[in-house]
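Right, one structure below, let's go through it.
Please treat every number below as a calculation from the coordinates, not as lab data. Just so you know, these numbers come straight off a predicted model, no measurement behind them. Backbone-built Cβ (ideal geometry, glycine too); neighbour counts: all protein chains shown.
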Number of protein chains: 2
Amino acid sequence: MTVDRDVTPRRSDRTRAAILAAARERFAADGYAKATIRAIAAQAGIDPSMVMRYYGSKEKLLAAAADFGLELPDLTQLTPAERTGALIRHLLDLCERNDTMIALLRVAATQEAAAERSRFLVANQIEPLIATIEPDPELARKRAGLLATQMLGLALTRYVLELPPVVAMSADELAAWMSPVLQHYLTGRPD
Amino acid sequence: MTVDRDVTPRRSDRTRAAILAAARERFAADGYAKATIRAIAAQAGIDPSMVMRYYGSKEKLLAAAADFGLELPDLTQLTPAERTGALIRHLLDLCERNDTMIALLRVAATQEAAAERSRFLVANQIEPLIATIEPDPELARKRAGLLATQMLGLALTRYVLELPPVVAMSADELAAWMSPVLQHYLTGRPD
DNA sequence: CGGGAGAGTCAACAACTGTTGGCCTACAGT
DNA sequence: ACTGTAGGCCAACAGTTGTTGACTCTCCCG
C-alpha cells in the first residue's frame with residue numbers, strides 16, 4: 001500500500017465520477033432494467049466496457065450508486081417546533097438537489113439490493129436520530145418506521161408517481177400540512 | 001354482435017383469467033421488466049404465445065392487470081371517528097387479499113402507464129370520496145393528495161420495501177398511530 | 001528514446017426478450 | 001362421418017442485454 005496522503009489525482013477519477021453520476025441519473029429516470037449499461041455509458045460519454053472495468057458489474061454499480069448518506073439535521077439542536085419543518089424541507093431538498101435519493105426509491109421497487117439499502121438507511125440513520133430524543137429503544141424503532149411511511153410516501157407521490165395535487169403544493173405548504181403529523185410520530189402517542 | 005345474454009362460457013375465459021392472475025402475481029413480485037411473458041405464461045400453465053393472443057402485447061396485459069377499482073368505503077355512512085380506522089384497514093386488506101394493488105405500486109415506479117393509472121385512481125376515486133365531506137373542491141384535491149402520501153407511503157414501506165418496524169406492527173397498531181394523521185388530512189388545517 | 005502501464009475503443013459472444021406464424025388437436029354442428 | 005373453428009403448442013426471428021477479450025493510443029519514467 002502506497003501512502004496516498006494528499007492528492008493522487010488519477011486521471012480516471014473524473015470518468016469514474018461521471019459514470020456514477022450518469023448511473024444515478026438513469027436509475028432515477030428509468031429504473032434498474034431500463035437503465036442500460038450502454039445508456040449510462042453514453043450519458044457519461046464513454047464506452048460501455050469502461051463501466052465494467054471500473055465497477056465490475058451492473059449490480060456493483062447499483063451498490064455504488066445507492067451508497068450515500070441522508071445527512072439528516074441534528075434534532076437536539078432544534079426546538080420541537082422547528083424539527084418537523086426542518087425534516088420535511090431537508091427531504092425535499094435532498095430529492096431535488098441530485099437524483100441519488102429518487103434513484104434509490106425507484107430502483108428499490110424492483111431490486112432487492114436497493115430495498116435492503118433503504119432498510120439499512122432507516123435502521124442506521126433515521127432510528128439513531130430518533131433515539132436522540134426518544135429514550136425507549138423499542139418505541140424509537142416504531143417512531144422511525146412511522147416517520148418513514150410519511151417521508152417516503154411524500155417522496156414517492158411527489159417525485160416518482162408525480163400525483164398532481166402533491167406536485168402542485170409548495171415546500172412551505174407541505175411543511176405546514178405535515179408538521180403536525182411528524183410531530184405526532186416523533187413525540188405523540190397512538191389512539 | 002350476437003346477443004350474449006345469459007352465460008356464453010367460452011372455454012378460454014378460464015385461461016384468460018389465469019393469465020391475468022399470474023400477471024398480477026409476477027408484476028407484484030418482480031416488477032415489470034423481470035416479470036417475463038414466459039414467466040407469466042409458465043405460472044398460468046400455458047404457452048407464452050397465448051398471452052399475446054389474448055392480450056395483444058405486454059403493455060396491454062399491464063393495462064388489463066392495472067384496471068381495477070379501490071372499492072373505498074362510504075365516508076358519509078361512518079362517524080368521523082370511524083372513518084380513519086376504516087380507511088387504513090381497508091388499504092391493508094386490499095393489499096393482502098390479492099396482489100393487484102402491490103403490482104400497481106411496484107410497476108408504477110418504472111412504467112409511466114402504471115404511474116398514470118395511479119394518478120387516475122387518486123383523481124377519480126379518492127378525490128370524489130373526499131369531496132363528499134369537503135365542499136371546497138380545491139381543498140378536497142389537496143386533502144386527497146395528502147391522504148395519498150400517507151396511504152401509499154404505508155403500502156410502500158410495508159409491502160414493497162418491507163421496512164422491519166412497519167412490517168412488525170399489527171393492523172390495529174398502525175390504525176391507532178395513523179388515525180389522527182388521516183383525521184388531520186381529512187378535516188384539519190395546515191400550520 | 002523506448003517501453004510499460006493507464007485509459008479507452010471496438011467487435012463480438014451468449015443469453016434472453018417480446019413477438020410471430022405454422023401446425024396440431026379436440027369438438028360442435030350438420 | 002366431415003369439416004370448420006376455437007384453443008393450444010412449438011420453433012423461430014430479430015433485437016437487446018450484460019459481459020468479455022483483444023486491440024489502440026498516450027503519456028510518464030527511466
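Overview of results
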{"item": "Inter-copy separations for B:Arg14, label at 7 Å along Cα-Cβ, nm, ascending", "result": "6.7"}
{"item": "Degrees between helix A:171-187 axis and first principal axis of chain A (Cα, 0 to 90, nearest 10)", "result": "70 degrees"}
{"item": "Average beta-carbon neighbours from other chains, 10 Å sphere, peptide B:103-110", "result": "5"}
{"item": "Sorted by Cβ density within 10 Å, fewest first, the residues A:Phe120, A:Phe68", "result": "A:Phe120, A:Phe68"}
{"item": "Shielding by other protein chains, B:26-36, mean Cβ within 10 Å", "result": "2"}
{"item": "Shape call, chain A: gyration tensor on alpha carbons, a/c limit 1.5", "result": "prolate"}
{"item": "Rounded to 10°, Cα long-axis angle of helix A:137-155 versus longest principal axis of chain A", "result": "70 degrees"}
{"item": "The protein assembly as shown: C-alpha gyration tensor shape, a/c 1.5 cut-off, then a/b vs b/c", "result": "oblate"}
{"item": "Chain B residue with Cβ closest to the axis mapping B onto A, distance in whole Å", "result": "B:Gly153, 1"}
{"item": "19 Å Cα-Cα threshold exceeded, pairs from A:Lys34/B:Lys34; A:Lys142/B:Lys142; A:Lys58/B:Lys34", "result": "A:Lys142/B:Lys142"}
{"item": "Sorted by Cβ density within 10 Å, fewest first, the residues A:Arg26, A:Arg11, A:Arg16", "result": "A:Arg11, A:Arg16, A:Arg26"}
{"item": "Inter-chain Cβ neighbour average for residues B:177-185, partner chain, 10 Å", "result": "5"}
{"item": "Among B:Pro73, B:Pro165, B:Pro128: highest mean-square fluctuation, GNM of chain B, C-alpha pairs under 10 Å", "result": "B:Pro165"}
{"item": "Charge tally in the Cβ shell below 14 Å around A:Ala115, where Lys, Arg are +1 and Asp, Glu are -1, A:Ala115 excluded", "result": "+1"}
{"item": "Using alpha-carbon coordinates, inclination of helix B:80-97 to the longest axis of chain B, degrees", "result": "20 degrees"}
{"item": "Cα gyration tensor, region B:64-148 - rounded (a/c under 1.5), prolate or oblate", "result": "oblate"}
{"item": "Order of B:Thr132, A:Thr15, B:Thr110, A:Thr187 - criterion: other Cβ atoms within 10 Å of each residue's Cβ, fewest first", "result": "B:Thr132, A:Thr187, A:Thr15, B:Thr110"}
{"item": "Teacher prompt: B:Val167 distances to equivalent labels in other copies, 7 Å Cα→Cβ, nm", "result": "3.3"}
